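A.B. asks: There's a structure below that I have some questions on.
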Amino acid sequence: MAADLETIEKVRSIDVGEYKYGFVSDIESELAPKGLNEGIVRYISAKKNEPEWMTQWRLEAYRRWLTMVEPNWARVEHDAIDYQDLHYYSAPKKSPGPKSLDEVDPELLRTYAKLGIPLREQEVLAGVERPRVAVDAVFDSVSVATTFKAELAKVGVIFCPISEAVHTHPELVKKYLGSVVPVTDNFFATLNSAVFSDGSFVYIPPGVRCPMELSTYFRINEQKTGQFERTLIIADKGSYVSYLEGCTAPKRDENQLHAAVVELIAHDDAEIKYSTVQNWYQGDANGKGGICRFVTTRGDCRGAQSRISWTQVETGSAITWKYPSCILRGDGSRGEFYSIAISNGRQQVDSGTKMVHLGKNTTSRIISKGISAGHSQNTYRGLVSAHRKASGARNFTNCDSLLIGENCGAHTVPYMEAGNPSAQFEHEATTSKISDDQLFYCQARGLDAEEATALIVNGFVRDVLQQLPMEFAVEAQKLIAISLEGSVG
Amino acid sequence: MLKINNLHAEIDGKKILNGLTLEVRAGEVAAIMGPNGSGKSTLSYIIAGRPGYEVTAGEVLLNGQNLLEMEPNARAAAGVFLAFQYPLEIPGVATMTFLKAAMNAQARQRGEAESTTPDFIKKVRGAAKDLKIDQEMLKRPLNVGFSGGEKKRMEILQMALLAPKFAILDETDSGLDIDALRIVADGVNALRNRERGFLVITHYQRLLDYIRPDSVHVMARGEIVRSGGPTLALELEKSGYAAYSDEAA
Ligand SMILES: Nc1ncnc2c1ncn2[C@@H]1O[C@H](COP(=O)(O)OP(=O)(O)OP(=O)(O)O)[C@@H](O)[C@H]1O
Ligand SMILES: [Mg+2]
């Protein structure tokens with residue numbers, strides 16, 4: 001309840017038109033020369049001191065990528081990306097690798113403070129009611145600080161930058177990296193495999209319930225740097241983990257490319273909850289600038305009765321191309337996708353999910369809430385399929401679109417493929433507009449037009465917000481209000 | 001307190017109000033009666049600031065403040081409250097959340113402190129109890145799936161919490177059962193005082209038996225065609241509006 005009100009306060013306190021996180025940290029950084037070739041791939045690998053097997057893995061991906069063409073089926077339009085005009089590696093110079101917070105560049109800490117990241121352990125610990133959150137902060141390409149590591153280690157949870165895991169847990173990385181999103185998967189995923197910079201690695205041992213929410217904040221800082229995060233999360237038998245990813249980026253004039261890969265693996269009876277709150281710079285009113293995201297996120301319910309749930313709140317970026325998916329391999333496994341996708345201004349969102357039912361008695365649930373405002377285009381694209389052997393597969397899909405204003409578009413593109421006659425797929429979809437009368441009703445009670453819109457939109461997305469951990473639901477509500485600024489009136 | 005002078009208004013090119021003049025003094029309960037389509041709801045919407053109407057002439061003043069120049073939320077903060085004839089549903093927004101948002105928004109505009117959450121909850125609970133509104137209902141999304149009578153009661157709950165200077169009740173009695181009518185009337189009567197003005201729109205004497213008006217006005221074809229004391233309502237109850245529809249040219 002309080003959260004709605006906070007949303008409203010937030011809307012008031014924010015300077016409309018100014019992207020709140022649009023500042024640039026003044027930190028010297030180390031850049032790879034522009035362009036992409038085998039030399040750059042080797043450079044990245046060498047910068048990270050990677051073992052030969054990792055270098056070869058990257059090179060193989062790079063060679064594969066050369067043979068691929070950029071996909072063009074999504075409902076997004078953008079200038080052609082010049083892959084030779086990007087830097088593929090950038091690292092803050094003063095922070096070559098993870099170290100204790102005392103050694104971290106104070107400018108960097110200030111940057112995070114502006115973003116409101118609870119980086120300092122004390123701050124996190126001080127909040128009595130607040131569940132503790134371990135943060136692995138990624139600044140451009142290199143993880144600079146990892147908190148709570150020791151406490152997690154006590155229960156055997158590994159939570160570290162993936163660049164570190166390559167060295168400390170090569171057997172796990174070798175076994176799982178690329179096992180959900182193969183090197184050959186798609187143009188952007190293959191590119192990521194060749195040049196991925198850093199990201200988080202999580203391993204939860206059998207039977208362990210991760211004692212805290214794990215969280216990574218990504219932030220793009222350097223101009224013209226492609227971001228190629230790579231996240232790998234493994235929940236071993238009977239374990240549980242909740243992982244949160246929050247993203248913001250400073251204002252930039254040129255489009256920045258982001259091609260992340262997230263892989264989740266859930267073994268027997270394990271559960272992974274993965275939540276994203278994304279608020280990257282969306283470009284100015286004319287659609288100039290902003291982040292272009294081509295993201296491959298996929299979970300593999302490898303074990304019986306395993307469970308993976310994706311919750312996403314997507315409010316930023318100029319272009320979003322993202323389909324968090326679940327491969328329901330284990331018998332009785334369950335996949336969930338809860339999504340709030342908001343587009344305003346000139347944003348283009350093409351997002352959805354794939355639920356691939358392979359095992360018996362697998363179930364999936366999709367709740368998607370798309371909100372389009374301004375001149376934006378918002379597409380839900382979903383695939384639900386049941387393999388011929390997936391008897392008893394069940395899916396429920398609910399896709400609601402809300403339109404604000406006359407110039408935006410909402411599109412729903414659901415695909416269903418039932419290869420087994422016993423499959424039961426249910427699909428509901430609605431498209432609605434915020435009615436002038438609803439707005440007036442709220443205004444007649446004292447809310448201004450923007451507060452009223454934020455309140456109604458928060459009501460519209462409530463089912464999904466409830467899936468987020470409490471304190472992130474609050475953050476998400478604030479973002480929703482911020483991202484709808486200027487959409488009414 | 002509320003002064004409406006020679007108000008002319010139209011919507012989509014159709015003239016609805018034709019030089020309506022009406023004054024309601026502080027502490028007064030004024031009842032408006034009139035045939036369907038005579039413009040009663042239109043009048044209440046224009047006072048509250050619903051977009052879409054074009055006011056071609058006239059003015060609406062609340063304690064000298066020109067309401068027509070103000071945004072609807074500013075009017076609310078200035079003390080105008082409209083209990084809607086057809087309250088709107090706000091899916092996904094818990095009634096409690098809505099009430100707090102409304103109260104805080106008004107407090108902020110007036111530069112007053114927002115009430116603390118425990119105070120707020122106490123106030124809402126108390127007001128709900130007086131109106132025999134189940135506490136469980138406050139957790140449900142506002143008006144979604146509420147019965148007609150429940151919606152009307154919820155309007156009065158909002159009025160009680162927002163404590164307006166001037167309240168318009170647009171057919172709050174329609175859809176209420178006999179017991180609910182009494183409860184709602186008691187709720188309104190409890191708010192009557194020397195400062196607060198009311199404009200009660202109704203078709204039935206029954207409501208006015210409970211909420212005794214100080215004045216009764218007959219509206220027809222977008223203007224006030226007759227004004228009188230409480231007995232005027234009884235007269236209308238018997239004779240209907242036939243006399244007034246003939247009058248209009
Ligand atoms: N958008 C519109 N375009 C044209 N006419 C309209 C529009 N909205 C309302 N009207 C008309 O304005 C007139 C006044 O309507 P209003 O709702 O104010 O009447 P009322 O007195 O409240 O009636 P009731 O007693 O039935 O509630 C009606 O004839 C109605 O059809
Ligand atoms: Mg009416």
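The values are calculated or read from the model by the stated rules, or taken from the named source; none is laboratory data. Note that the structure is predicted; figures quoted are calculated from it, not measured. No Cβ is skipped: glycine too gets one built from the backbone with ideal geometry, and neighbour counts run over all protein chains shown. When the accessible area is computed, the model is the full protein with side chains, heavy atoms only, and any ligands, DNA or RNA have been set aside. Shrake-Rupley method; radii C 1.70, N 1.55, O 1.52, S 1.80 Å.
A.B. asks: Mind grabbing the accessible area of A:VAL295 for me, 1.4 Å probe, Å², rounded to tens?
C.D. replies: Using a 1.4 Å probe on the heavy atoms, I get roughly 10 Å².
A.B. asks: Report the accessible surface area buried between chains A and B, summing both sides, using a 1.4 Å probe on protein heavy atoms only, in Å² rounded to the nearest 100. Numbers along the way, then the final one.
C.D. replies: Details: alone 18940 and 11830 Å², together 28280 Å².
Buried surface at the A/B interface: approximately 2500 Å².
A.B. asks: Search the structure for amide H atoms under 5 Å from the amide H of A:LYS433, placed 1.01 Å from N in the peptide plane, and list their residues when 5 or more places away or on another chain.
C.D. replies: Amide H to amide H, under 5 Å and 5 or more residues apart or across chains, A:LYS433 pairs with A:LEU403.
A.B. asks: Counting each DSSP H run of 4 or more residues in chain B as -39500 (n - 2.57), what helix-only mean residue ellipticity at 222 nm follows after dividing by all residues, to the nearest 500 deg cm²/dmol? Walk me through the numbers before you get to the answer.
C.D. replies: Values: 9 runs with 94 residues, N = 249.
About -11000 deg cm²/dmol.
A.B. asks: Restricting everything to alpha-carbon atoms, can you work out Rg to Rh for region A:382-447 with a Kirkwood hydrodynamic radius?
C.D. replies: My calculation puts Rg/Rh at 1.25.
A.B. asks: Say each of A:GLU151 and B:ARG182 gets a label point 7 Å from the Cα, pointing the same way as Cα to Cβ; how far apart are those two points in nm?
C.D. replies: Taking the simple label geometry, A:GLU151 and B:ARG182 are separated by 6.0 nm.
A.B. asks: While we're on this one: Using protein chains only and a probe of 1.4 angstrom, how many square angstrom of B:ASP130 are accessible, to the nearest 10?
C.D. replies: Result for B:ASP130: roughly 120 Å² accessible.
A.B. asks: Between the DSSP loop rule and a limit of at most 14 other Cβ atoms within 10 Å, which trypsin sites (Lys or Arg not before Pro) in region A:329-395 are left? Intermediate values should be presented prior to the final figure.
C.D. replies: Numbers: sites: A:ARG329, A:ARG334, A:ARG346, A:LYS354, A:LYS360, A:ARG365, A:LYS369, A:ARG381, A:ARG388, A:LYS389, A:ARG394; in loops: A:ARG329, A:ARG346, A:LYS360, A:ARG388, A:LYS389.
Answer in residue order: A:ARG388, A:LYS389.
A.B. asks: Once you place label points 7 Å from the Cα toward the Cβ at A:GLU406 and A:SER435, how far apart are they in nm?
C.D. replies: That separation, rounded to one decimal, is 2.0 nm.
A.B. asks: Just want to confirm a number: the relative contact order over chain B, from Cα pairs under 8 angstrom separated by 6+ residues, in percent.
C.D. replies: Details: 447 pairs, mean separation 71.0, N = 249.
Relative contact order for chain B comes out at 29 percent.
A.B. asks: Work out from phi, with θ = phi - 60° and the Karplus expression 6.51 cos²θ - 1.76 cosθ + 1.60, the ³J(HN,Hα) of each residue of region B:84-89, listed in order in whole Hz, and give x for Gly and Pro.
C.D. replies: Calculated HN-Hα couplings, in order: 5, 5, 10, x, 8, 8 Hz.
A.B. asks: With only alpha-carbon pairs counted, each pair once and no self-pairs, how large is the Kirkwood hydrodynamic radius of region B:2-244 in angstroms?
C.D. replies: Numbers: mean 1/r = 0.0543 Å⁻¹.
Over region B:2-244, the inverse of the mean reciprocal pair distance is 18.4 Å.
A.B. asks: When DSSP assigns beta bridges and you keep just the ones with both residues in region B:2-244, what percent turn out antiparallel, to the nearest 5?
C.D. replies: 60
A.B. asks: Are there any residues in region A:446-464 with a reduction of at least 30 Å² in accessible surface when going from the isolated chain to the assembly of protein chains? Probe 1.4 Å, please list them by number.
C.D. replies: Buried-area filter returns A:GLY446, A:LEU447, A:LEU455, A:GLY459, A:ARG462.
A.B. asks: Which log10 I(q)/I(0) values does region B:42-119 give at q = 0.19 Å⁻¹ under the Debye formula, counting every alpha carbon as one identical point scatterer?
C.D. replies: Summing over Cα pairs of region B:42-119 leads to -0.94.
A.B. asks: ³J(HN,Hα) across region B:34-42 via Karplus (A = 6.51, B = -1.76, C = 1.60, θ = phi - 60°), whole Hz, x for Gly/Pro?
C.D. replies: The phi angles translate into x, x, 4, x, 7, x, 5, 5, 4 Hz.
A.B. asks: Can you work out the accessible area per residue across chain B, with the rest of the protein chains kept in place, probe 1.4 Å, in square angstrom?
C.D. replies: Working: 10660 Å² over 249 residues.
For chain B, the per-residue accessible area is 43 Å².
A.B. asks: Could you rank A:ILE158, A:ILE340 by how accessible they are, 1.4 Å probe, largest area first? Don't skip to the end; give the middle numbers.
C.D. replies: Details: A:ILE158 30, A:ILE340 0 Å².
So the residues, ranked largest to smallest area, are A:ILE158, A:ILE340.
A.B. asks: So if each residue of separation counts as 0.36 nm, and I subtract the Cα-Cα distance between B:ASN63 and B:SER239, what length gain in nm does that give? All intermediate terms of the calculation are to be shown ahead of the outcome.
C.D. replies: Values: separation 176, 0.36 × 176 = 63.36 nm, distance 3.57 nm.
59.8 nm is the gain from fully extending B:ASN63 to B:SER239.
A.B. asks: Just by accessible area at a 1.4 angstrom probe, what is the order of A:VAL208, A:VAL384, A:VAL155 from largest to smallest?
C.D. replies: Working: A:VAL208 25, A:VAL384 5, A:VAL155 65 Å².
Largest accessible area first, the residues go A:VAL155, A:VAL208, A:VAL384.
A.B. asks: What GluC sites (Glu not before Pro) in region A:352-450 are in a loop by DSSP, with at most 14 other Cβ atoms within 10 Å of the Cβ?
C.D. replies: Filter output for region A:352-450: A:GLU406.
A.B. asks: How do B:ASP209, A:ASP236, B:ASP170 rank by accessible surface area computed with a 1.4 Å probe, from largest to smallest?
C.D. replies: Working: B:ASP209 85, A:ASP236 25, B:ASP170 5 Å².
My answer, sorted largest first, is B:ASP209, A:ASP236, B:ASP170.
A.B. asks: What are the residues whose amide H is under 5 Å from the amide H of B:THR21, where those residues sit 5 or more places off or on another chain and H is modelled from the backbone?
C.D. replies: When sequence neighbours closer than 5 places are left aside, the close amide H contacts are B:ASN6, B:LEU7, B:ILE224.
A.B. asks: Where the accessible area of region B:2-244 is counted over protein heavy atoms with a 1.4 Å probe, how much of it, in %, is carbon and sulfur?
C.D. replies: Details: 4940 of 10140 Å².
Carbon with sulfur: 49 percent of the solvent-accessible area.
A.B. asks: For labels at A:GLU30 and A:ARG209 in the simple 7 Å Cα→Cβ model, what's the distance in nm?
C.D. replies: 4.3
A.B. asks: What number do you get for region A:340-399 when its Cα radius of gyration is normalised by 2.2 N^0.38 Å, N = residues? Write out the running numbers ahead of the final one.
C.D. replies: Values: Rg = 14.7 Å, N = 60, 2.2 N^0.38 = 10.4 Å.
For region A:340-399, the normalised Cα radius of gyration is 1.41.
A.B. asks: A further question on this structure: I need the phi-derived Karplus couplings for region B:225-240: 6.51 cos²θ - 1.76 cosθ + 1.60, θ = phi - 60°, integer Hz, Gly and Pro marked x.
C.D. replies: Here the 3J(HN,Hα) series is 9, 7, 10, x, x, x, 5, 4, 5, 5, 4, 4, 3, 7, 9, x Hz.
A.B. asks: Under 5 Å between amide hydrogens, which residues at least 5 positions from A:SER422 or on another chain qualify, with H placed 1.01 Å from N in the peptide plane?
C.D. replies: A:GLY392
A.B. asks: Shifting gears a bit: So how compact is region B:64-208: Cα radius of gyration and Dmax in angstrom?
C.D. replies: Over region B:64-208's Cα set, Rg and Dmax evaluate to 14.8, 41 Å.
A.B. asks: Which of B:LYS40/B:LYS132; B:LYS100/B:LYS139; A:LYS175/A:LYS237; A:LYS34/A:LYS175 have a Cα-Cα distance over 21 Å? Before the final figure, lay out the partial values.
C.D. replies: On the way: B:LYS40/B:LYS132 29 Å; B:LYS100/B:LYS139 12 Å; A:LYS175/A:LYS237 16 Å; A:LYS34/A:LYS175 32 Å.
Going by Cα-Cα distance, B:LYS40/B:LYS132; A:LYS34/A:LYS175 fall outside the 21 Å limit.
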